[in-house]
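Below is one structure, written out as structure tokens; comments come after it.
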Amino acid sequence: GGGTWTRGNKVKVTWAWIGLPGAYVRLELWRNGQFVRVIKGSTPNDGKQSYKVPATLTVGTGYKVRVKSATNSYILDDSNRTFSVN
């Protein structure tokens, strides 16, 4: 969390797991507790994913990334801090 994503630019989403969430995860974008969009429906749980921020994404604050196990949706975590989009 923290920082700013600029619409139209690529960002690197990173994460780390404790435990056994599985080989694949789902990445989601949330804003102020509301689901916004899927970043990646299924990606290897290797701790990194490149993402091109859509030009249509609403400018503002309160964004977080949620990482969920692809095999057990109860295993998930959100960014520690929010970030903004400009």
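Just to check your reading of the model, which residue among 56, 43 is of a type outside the set (Lys, Arg) and in a strand (DSSP E or B)? First the steps, then the outcome.
Working: 56 fails: in a strand (DSSP E or B).
From the options 56, 43, the qualifying one is 43.
I'd like the residue in region 13-34 that is out of contact with any Phe, Trp or Tyr (no Cβ under 8 Å at 6 or more places or on another chain), assigned to a strand (DSSP E or B) and closer than 21 Å to residue 86 by Cβ and, out of all such residues, is least open to solvent (accessible area, probe 1.4 Å).
Here the residue is 14.
Quick check on my filter: what residues within region 40-75 are among the hydroxyl-bearing types (Ser, Thr, Tyr), touching a Lys or Arg at 6+ places or on another chain (Cβ under 9 Å) and more than 9 Å from residue 25 (Cβ to Cβ)?
Across region 40-75, the qualifying residues are 50, 51, 56, 58, 61, 63, 73, 74.
What number of residues within region 59-74 are in a strand (DSSP E or B) and open to solvent by 70 Å² or more (accessible area, probe 1.4 Å)?
1
As an exercise: evaluate residue 53 against (1) within 16 Å of residue 7 (Cβ to Cβ); (2) open to solvent by 20 Å² or more (accessible area, probe 1.4 Å) and give the number of the one condition it does not meet.
(2)
Going by the conditions given, is residue 43 open to solvent by less than 70 Å² (accessible area, probe 1.4 Å) and free of Cβ contacts under 8 Å to residues at least 24 places away in the same chain?
Judged against the criteria, residue 43 is a match.
For residue 77, indicate whether it is farther than 24 Å from residue 8 by Cβ, open to solvent by 70 Å² or more (accessible area, probe 1.4 Å) and part of a strand (DSSP E or B).
When the stated conditions are applied, residue 77 passes them.
The values are calculated or read from the model by the stated rules, or taken from the named source; none is laboratory data. Remember, predicted model here, so these are calculated numbers, not experimental data. Cβ: placed from backbone, ideal geometry, glycine included. Neighbour counts: every protein chain shown. SASA here: full protein model, heavy atoms, side chains in, ligands and nucleic acids out. Shrake-Rupley method; radii C 1.70, N 1.55, O 1.52, S 1.80 Å.
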